[in-house]
């Protein structure tokens, strides 16, 4: 594993920093206009194992579908004294 997770793997309460978005240009532009850019910290309000993912971004909230969220890569940010929140898909 390369030390990153997809946004779709982030559990509720988990935090991460966006490091890459593998999306078509028009979708990247739309997300950028909503504040979701590389380097931005996000907090998962609701996980997206199969359905939509709700994330806090720059003081607001963005709802992303699972297919979109799985193409956004994060590095996890752990709260001091707590383990980072992400789930690993089962094969």
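The values are calculated or read from the model by the stated rules, or taken from the named source; none is laboratory data. Quantities reported herein were computed from a predicted structural model and do not represent experimental measurements. FYI the Cβ positions are ideal-geometry reconstructions off the backbone, even for glycines, and counts take in every protein chain you see.
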Kindly indicate the residue of region 35-57 that is outside any strand (DSSP E or B) and modelled with pLDDT under 90 and also surrounded by the fewest Cβ atoms within 10 Å (Cβ to Cβ) among those meeting that condition. 50
Do we find that residue 77 is modelled with pLDDT of 95 or more and either closer than 14 Å to residue 6 by Cα or surrounded by 17 or more Cβ atoms within 10 Å (Cβ to Cβ) (or both) in this structure? no
For region 7-30 the number of residues that are part of a helix (DSSP H, G or I) and without any contact (Cβ under 8 Å) to a residue 12 or more places away in the chain is 5
What are the residues in region 59-71 that are in a loop (DSSP other than H, G, I, E, B) and exposed (fewer than 13 other Cβ atoms within 10 Å of the Cβ), if any? 59, 65
